[in-house]
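The values are calculated or read from the model by the stated rules, or taken from the named source; none is laboratory data. These figures come from a predicted structure and were not determined experimentally. Reconstructed Cβ throughout: ideal geometry from the backbone, glycine too, with neighbour counts over all protein chains shown. Areas reflect the complete protein model, heavy atoms only, side chains present, ligands, DNA and RNA absent. Shrake-Rupley method; radii C 1.70, N 1.55, O 1.52, S 1.80 Å.
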Amino acid sequence: MTGRALRPKSVAIVDDSRTMRAWLRLVLEADPRLRVVAEAGDALAAREVVKSMPVDVLTLDVAMPGMDGLEFLDRLMRARPMPVVMMSSLTSRGSDAAIRALSLGAVDCMVKPARGFDADLARDICDRVVAAARTQPRISRPRQPLGAMTTGGHRAGALIVIGASTGGVAALETVLPQLDPKGPPVVIVQHMPGNFLESFSKRLNRDLPQSVGLAADGAVLQDGDIMLAPSDGAHTEVVQTTRGWVIRHRPPRGKPLHVPSVDALFSSAARAGGDVIAAVLTGLGRDGAKGVVELAQSGAIALTQDEGSSVVYGMPRAAFETGAVRAQVPLDKMGAALRASCIGKRARC
């Protein structure tokens, strides 16, 4: 371990609530990997902090008086890009703002705790702040014109499955517009709270020509559908039937780390692997690594996002290191790679 690797990551907390700042400081400073170097109660004070001292990562409240967190984030990412973790309330308005923040370049977004200290919650917050501090900040790029990638019909039975976590909102907003609006259905596991997922699906449905929504148990997938696995305590899986691909929800066994999980989705799709193309995008952890092995063994094609374009090269690395992945692909070429993989299977998407 180098001295740089051992050095605690410096954190600045930006929140208009003194109580929340004190709680976050208590949580973060209990982790030897982190050191809180500054606090700010509004955007103006936060601007002075980032101008006057080196900060590895910023925690930023979405709702603040005066200049709100979103406006400050937008200006910050243009003038002085740095890793930012947003703190949001779990409300409809807060969820919409969180999704916009992730699109603007925030690395992650966490729900403000509704009750007191919880060891599991504190550990999760610290892990995610550390992961964010280790990323290179990226400003989201303009999307490609919608509809520019249309390639016509496809072979019945084709399916695209995608797994993503930290950094996944911006990644999906780059990849999905590159797919054919009339192409095979797409099923996605994106790790985030349920309200955030609902806001994200509505945003995608508004911005994309495809039909986008949360995957309902028993739903029969149609061409052009994009379904996100809901965060409702069950795994989202797929079954190939005479009617086409059907969504199935399955209660988890034991206490898995992720529900829904990428592994559960991929494993279910592996039963008809010859018709499946999978992608593992940016994210923290190993979810999806087991699933890509099962997919490859059944004849499916699996791709991963490359390290250079990943916000967090955790899930893609774990999947690639299994040896079951066909190729690592830069994010801006992932849509084209998915379409080319489908064509290789005589299905265009």
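Just a few scattered comments:
- 222 nm mean residue ellipticity, helices alone, for the chain (DSSP H n ≥ 4; -39,500 (n - 2.57); rounded to 500): -10500 deg cm²/dmol
- Accessible area per residue, Å², the chain with all protein chains present, probe 1.4 Å: 43
- Axis angle, to the nearest 10 degrees, between helix 69-79 and the longest C-alpha principal axis of the chain: 90 degrees.
- With R₀ fixed at 25 Å, the C-beta to C-beta distance from D124 to V37 puts the FRET efficiency at about 0.70.
- Approximate spin-label separation Q136-T19, in nm, with each point projected 7 Å along Cα-to-Cβ: 4.2
- Whole-percent carbon and sulfur share, accessible surface of the range 190-349, 1.4 Å: 49
- Taking all pairs of distinct alpha-carbon atoms in the range 278-349, Kirkwood radius in angstrom: 12.0
- For q = 0.16, 0.18 Å⁻¹, Debye-computed log10 I/I(0) when each Cα of the range 229-319 counts as one equal scatterer: -0.64, -0.80
- Global form of the range 158-314, assessed from the alpha-carbon gyration tensor, a/c cut-off 1.5: rounded
- Our coupling estimate for the range 256-272, obtained by passing each phi through the Karplus curve with A = 6.51, B = -1.76, C = 1.60 and θ = phi - 60°, is x, 5, 10, 9, x, 10, 5, 4, 5, 4, 4, 4, 5, 5, 5, 5, 10 Hz, Gly and Pro reported as x.
- Shape index of the chain: Rg/Rh, with Rg the Cα radius of gyration and Rh the Kirkwood radius from the inverse mean 1/r over Cα pairs, equals 0.98.
- A 1.4 Å probe, protein heavy atoms only, puts the accessible area of S201 near 10 Å².
- Taken about its Cα centre, the chain carries a charge dipole of about 600 debye when Lys and Arg each add +1 at the Cβ and Asp and Glu each add -1 at the Cβ.
- For the residue pairs K182/K290; K112/K202; K202/K333; K182/K255, alpha carbon separations beyond 32 Å are given by K182/K255.
- To the nearest ten degrees, helix 331-344 and the longest principal axis of the Cα atoms of the chain are 10 degrees apart.
- Angle between the chain longest axis and helix 18-29 axis [Cα atoms, degrees, rounded to 10]: 70
- Accessible surface of V325, taken over heavy atoms with a 1.4 Å probe and every protein chain present, rounds to 20 Å².
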